[in-house]
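Scroll down for the structure; my scribbles are underneath it.
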Amino acid sequence: MEESIIRHIEEKDIRELIILGKQLHEHGEYGWLPYSTEKVNQLFRKCLKFDMLTCIVAEKNSKVIGFMIVAIQDYFFNYKKMCSDLGLFISEEHRKDIKTPIKILKFAESWAKERDVQEMFFGNTVNVKNSKVKAFYERLGFDTVGNIFKKRVN
């Protein structure tokens, strides 16, 4: 079985990433909201331009099979930096390969370290068993801190 290649986004990936983004949207907690291909296209294009935002792509057999968008920002109380995700998604047919998301997260960590990030904060809003996701992140050295609370108001 061929190993996945992990790299930064390239312009040629955007069409496939938009399709995967739609799948993420459908499986996620926000599936009730409309999906804007234009908005997602703009976000992926920003990942090509800005140093503090990137899309990490997983590719296998010249096909994009997953991605993670990560962004760096200052803590609100000082100028130190933290890294958070806007989404991590692996196509359904490649989810059994646990190496791919591990490689993506390690790539993200390396990218963040190069930018003097203090901590990484990643969340889960996809309809996947939280206990599995929690165990996955903890195996990679993450601690569980806090919760996410959501309330629809419109």
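Readers should treat all values here as calculations from the given coordinates under stated rules, not as data from a laboratory. Because the structure is a prediction, the values reported are computed rather than measured. Heads up, the Cβs are rebuilt from the backbone with ideal geometry, glycines too, and the neighbour counts pull from every protein chain shown.
Brief remarks follow.
- Above-threshold pairs, the threshold being 23 Å between Cα atoms, out of Lys80/Lys103; Lys113/Lys150; Lys39/Lys80; Lys22/Lys63: Lys80/Lys103; Lys113/Lys150; Lys39/Lys80
- Rounded to whole Hz, the Karplus (6.51, -1.76, 1.60) HN-Hα couplings of the range 3-14, x for glycine and proline: 6, 6, 9, 10, 7, 6, 4, 10, 3, 5, 7, 4
- Note, ³J(HN,Hα) from phi for the range 27-38, Karplus 6.51, -1.76, 1.60, rounded to Hz, x at Gly and Pro: 8, x, 5, 9, x, 6, 8, x, 9, 9, 4, 4
- Checking every one of the trypsin sites (Lys or Arg not before Pro) in the range 61-93 against DSSP loop status and a limit of 14 other Cβ atoms within 10 Å picks out Lys80.
- Loop chymotrypsin sites (Phe, Trp or Tyr not before Pro), the range 60-122, which have at most 14 other Cβ atoms in a 10 Å radius of their Cβ (DSSP): Tyr75, Phe76, Phe77, Tyr79
- Selected from Asn61, Asn124, Asn78 as most flexible by GNM, with the chain as the system and alpha-carbon contacts under 10 Å: Asn78
- Net charge in the neighbourhood of Thr144 (other residues with Cβ under 14 Å of its Cβ; Lys, Arg +1, Asp, Glu -1) is 0.
- Long-range HN-HN contacts of Ser91 with modeled amide H, under 5 Å: Gly66
- Applying a DSSP loop filter and a limit of 16 other Cβ atoms within 10 Å to the GluC sites (Glu not before Pro) in the range 1-46 leaves Glu2, Glu3, Glu10, Glu29.
- Inter-site label distance for Gln42 and Lys134 at 7 Å from Cα along Cβ, in nm: 3.7
- Equivalent ellipsoid semi-axes, the range 5-139, via Cα gyration tensor eigenvalues times 5, rooted, Å: 22, 18, 16
- Each residue in Leu33, Leu48 was given a count of other beta-carbon atoms within 10 angstrom of its own, and listing them fewest first yields Leu33, Leu48.
- The H on the amide N of Met120, modeled in the peptide plane, is under 5 Å from the matching H of Cys83, each at least 5 residues off or on a different chain.
- Percentage relative contact order, the range 32-154, counting C-alpha pairs under 8 Å, at least six apart: 17
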